[in-house]
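For reference, the structure discussed in these notes is given below.
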Amino acid sequence: MTSTPIMPLPGNVDPVPVPREVTPRADGRIDLIGLTRARLAELFATAGLEAKAAKLRGKQVFHWLYHRGVTDFAAMTDIAKPMRPWLAERFVIGRPGVVEAQHSADGTRKWLLRTDDGHDFEMVFIPDADRGTLCVSSQVGCTLNCRFCATGTMRLVRNLTPGEIVGQVMLARDVLGEWPKGAMDGLDGDEDEGGYSADGRLLTNIVMMGMGEPLYNFDNVRDALRLVMDGDGLALSKRRITLSTSGVVPLMARAGEEIGVNLAVSLHAVTKEVRDEIVPINRKYGLEELLAACAAYPGASNARRITFEYVMLKDKNDSDADARELVRLIKQHRLPAKVNLIPFNPWPGAAYECSSDERIRRFSEIVFAGGISAPIRTPRGRDIAAACGQLKTAAQKLSRAELDRLAEEKQAALG
Ligand code: SAH
Ligand code: SF4
């Protein structure tokens, strides 16, 4: 086991330290997952290959790792036979460790995963009639502390590496048996625009909505998603990937430019007072700034709308006036937006209750009447605590008093 630096607490809101990109394992071999073609070639050159050969091997190995999903160098049939044991002596092809896999009555699946240095995080797969969505984590725990979110109460926080992020998608493809088979057939050109992909895969969409604030782990999330989007990598269209942020305003434009996926914003409130309370990053980057950053988000259009997530909390943010103000704000900023109303998912120790069904319906109607789509999201996987905001690894359970102290510390750090 390698030891990795853990961010110092209390909750610094700036990007947190991460383990080195290339961490040799106890046996001295290096895990290749998460590395780019160029890094692979560099490593092969350092290990003794001549530059041109290293570059070619980099390209070949990249294809086998990310496009074909092989975990054994022996399966890399276009690589010269003597070369395969040479690779196996020096490198490994890893996956996150699986501690536990759970199945919900509604088909949702949740995996408790473990990093090489022993930190637990979660991944969720949500099958629907016309798509299958993988909910991917970006951090162990979360740097932030939204009041209604269980992940925000976790004390331990570390950024996941690109390998640990892309590794989740790769593990899901392993479990679902969805790597392309046959000779170099690939998935190229198979990305259709509706429903299941042309080759009938179950895993069609990715949302960066698991544990963590993806924009506080910007570089690693970007590098991982580039591997996911690479035509010779996992080859998933950027239109099928959504990144959700609680509102890290200074990094939103870069997310649009350098990643280019769909944007979801955890809005959850329409007044400073309420948003300051439930989404404390609002104290640092206020509503006006956030909405202006949404208006400027590269690539947003009526065809590719920004999603505003809005968790329905009883007597907190769910009045008719809130719904009307939501419409007004979206119109004022001329945002190509849709609203996703999320019934609050309870967790032990949460200070809120979910709004009534009737209240949620009424809220939705008002927003629809304002000309903005506002569907109500059906909670999925609640029975295995896999629903939005329920992700939290048991190892870090804290007492109520500790939670309150942690919330204060994190909020103090926000200034
Ligand atoms: N950190 C990112 C992405 C992860 S959370 C973000 O905050 O956007 C994914 C979504 O679930 C967010 O909109 C989040 O606010 C919401 N959520 C968190 N806790 C929830 C809960 N208990 N019930 C319903 N939704 C919740
Ligand atoms: Fe972190 Fe998102 Fe949960 Fe807020 S809602 S604590 S940003 S994971």
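The values are calculated or read from the model by the stated rules, or taken from the named source; none is laboratory data. Because the structure is a prediction, the values reported are computed rather than measured. Every residue, glycine among them, receives a Cβ derived from its backbone with ideal geometry; neighbour counts consider all protein chains shown. Remember, those area values only see protein heavy atoms, side chains included, never the ligands or the DNA or RNA. Shrake-Rupley method; radii C 1.70, N 1.55, O 1.52, S 1.80 Å.
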When only residues in segment 349-360 that are in a loop (DSSP other than H, G, I, E, B) and among the aliphatic types (A, V, I, L, M) count, which is most open to solvent (accessible area, probe 1.4 Å)? Ala351
Here are some conditions: (1) without any contact (Cβ under 8 Å) to a residue 40 or more places away in the chain; (2) within 26 Å of Lys59 (Cβ to Cβ); (3) within 14 Å of ligand 2 (Cβ to nearest atom). Leu243 meets all but one. Which one does it not meet? (2)
Tell me, yes or no, whether segment 164-176 has at least one residue that is within 10 Å of ligand 1 (Cβ to nearest atom), surrounded by 17 or more Cβ atoms within 10 Å (Cβ to Cβ) and at pLDDT 95 or above. no
Within segment 116-143, can you find the residues that are in contact (Cβ under 8 Å) with a residue 12 or more places away in the chain, assigned to a loop (DSSP other than H, G, I, E, B) and open to solvent by 10 Å² or more (accessible area, probe 1.4 Å)? Asp116, Asp117, Gly118, His119, Asp130, Arg131, Cys142
Taking the criterion of being open to solvent by less than 30 Å² (accessible area, probe 1.4 Å), free of Cβ contacts under 8 Å to residues at least 40 places away in the same chain, away from ligand 2 (no atom under 13 Å from the Cβ) and of a type outside the set (Ser, Thr, Tyr), would at least one residue in segment 277-288 satisfy it? yes
Which condition does Gln102 not pass, out of (1) farther than 13 Å from Gly381 by Cβ; (2) touching a residue at least 60 places away in the same chain (Cβ under 8 Å); (3) open to solvent by 40 Å² or more (accessible area, probe 1.4 Å); (4) assigned to a strand (DSSP E or B), if it passes all the others? (1)
Return a yes/no flag: does segment 28-51 have any residue that is outside any strand (DSSP E or B) and at pLDDT below 95. yes
How many residues are assigned to a loop (DSSP other than H, G, I, E, B) and either more than 25 Å from the chain's Cα centre (by Cα) or more than 11 Å from ligand 1 (Cβ to nearest atom) (or both) if we restrict to segment 335-348? 3
Please name all residue pairs, on different chains or six or more residues apart, with Cβ atoms under 9 Å, provided the first residue is in segment 24-36 and is on the phi > 0 side of the Ramachandran plot and the second residue is hydroxyl-bearing (Ser, Thr, Tyr) and surrounded by 15 or more Cβ atoms within 10 Å (Cβ to Cβ). Gly34/Thr161
Residue tally, condition small (Gly, Ala, Ser), modelled with pLDDT of 95 or more and surrounded by fewer than 19 Cβ atoms within 10 Å (Cβ to Cβ), over segment 289-312: 3
Return the only residue of Lys392, Lys316 being modelled with pLDDT of 95 or more and either within 16 Å of ligand 2 (Cβ to nearest atom) or under 26 Å from the mean Cα position of the chain (by Cα) (or both). Lys316
Tell me, which residue of segment 127-145 that is at pLDDT below 95 and of a type in the set (A, V, I, L, M, F, W, C) is farthest from ligand 2 (Cβ to nearest atom)? Ala129
